[in-house]
Amino acid sequence: MSARAIIDSLDFARSGKELSDEVPVSELERLADSLYDRSGILRYVLVGQTDGRQRLRLRLKVEGTISLRCQRCLGRLPYPVALESRLLLLDDKAGGEEAEIEDLDAVAADPEMDVWSLVEDEVLLAQPIAPRHSEGECETAVDTAKDRAASPFAALAGLKHKQVN
Ligand SMILES: [Zn+2]
């Protein structure tokens, strides 16, 4: 089990540090609401950078698979996460205006930045608003005549029928 990663964000970027590790999906509380289950692991790479204008940035890559809930059949929908974010670090001096002009994502500098929380933020932003299986791939589609005999629901329906009689 990995320990939560805490970095001093400005120092991390200034020194060009790099951190790569894994986050168990089960540890991401805010993400849990939109998940079918909390299985899986997200791998991340966080790199500190100074850009051409001497501004400190973080580059974050996240990869892995999470299990979303299909909005049509409510079944499990494996969703591959593959995102890369460039985040401008904002300290008190920089303010928010600069980031808006540059159309860059920004994050408040924090001497005790929680990297798992940062990963979670980016995954929350990247996930689809209404995730769905492709057409014809929903779990209800399995319930066709040829599969009905093998379905546990069919067995259950048969049982109910007997009880009624
Ligand atoms: Zn579905």
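If I ask for residues that are farther than 28 Å from C73 by Cβ, part of a strand (DSSP E or B) and touching a Lys or Arg at 6+ places or on another chain (Cβ under 8 Å), which ones from segment 24-59 would you list? Walk me through it before giving the result.
Here is the first cut: in segment 24-59, the residues farther than 28 Å from C73 by Cβ are 43-59.
Checking which are part of a strand (DSSP E or B) leaves us with 43-50, 56-59.
Across segment 24-59, the qualifying residues are Y44, V45, L46, V47, G48, Q49, T50, L56, R57, L58, R59.
No other residue among L125, L74 is out of contact with any Phe, Trp or Tyr (no Cβ under 7 Å at 6 or more places or on another chain), among the aliphatic types (A, V, I, L, M), away from the ligand (no atom under 16 Å from the Cβ) and at pLDDT below 95 apart from L125. R53 falls short on exactly one of the conditions (1) within 26 Å of D110 (Cα to Cα); (2) touching a residue at least 40 places away in the same chain (Cβ under 8 Å); (3) open to solvent by 60 Å² or more (accessible area, probe 1.4 Å), and that condition is (2).
Can you pull out the residues in segment 128-147 that are surrounded by 11 or more Cβ atoms within 10 Å (Cβ to Cβ) and either modelled with pLDDT of 90 or more or in contact with a Phe, Trp or Tyr (Cβ under 7 Å, 6 or more places away or on another chain) (or both)?
Here is the first cut: in segment 128-147, the ones surrounded by 11 or more Cβ atoms within 10 Å (Cβ to Cβ) are 128, 131-133, 137-143, 147.
Once the filter is applied, which keeps residues that are surrounded by 11 or more Cβ atoms within 10 Å (Cβ to Cβ) and either modelled with pLDDT of 90 or more or in contact with a Phe, Trp or Tyr (Cβ under 7 Å, 6 or more places away or on another chain) (or both), segment 128-147 yields P128, P131, R132, H133, E137, C138.
The number of residues in segment 9-29 that are of a type in the set (G, A, S) and surrounded by 16 or more Cβ atoms within 10 Å (Cβ to Cβ) comes to 2. Looking only at residues in segment 78-92 that are open to solvent by 20 Å² or more (accessible area, probe 1.4 Å) and assigned to a strand (DSSP E or B), the one that is nearest to P128 (Cα to Cα) is Y79.
The values are calculated or read from the model by the stated rules, or taken from the named source; none is laboratory data. Computed from a prediction, not measured in an experiment: that's the story for all the values here. Reconstructed Cβ throughout: ideal geometry from the backbone, glycine too, with neighbour counts over all protein chains shown. We work out accessible area using only protein heavy atoms, side chains counted, and drop any ligands, DNA or RNA first. Shrake-Rupley method; radii C 1.70, N 1.55, O 1.52, S 1.80 Å.
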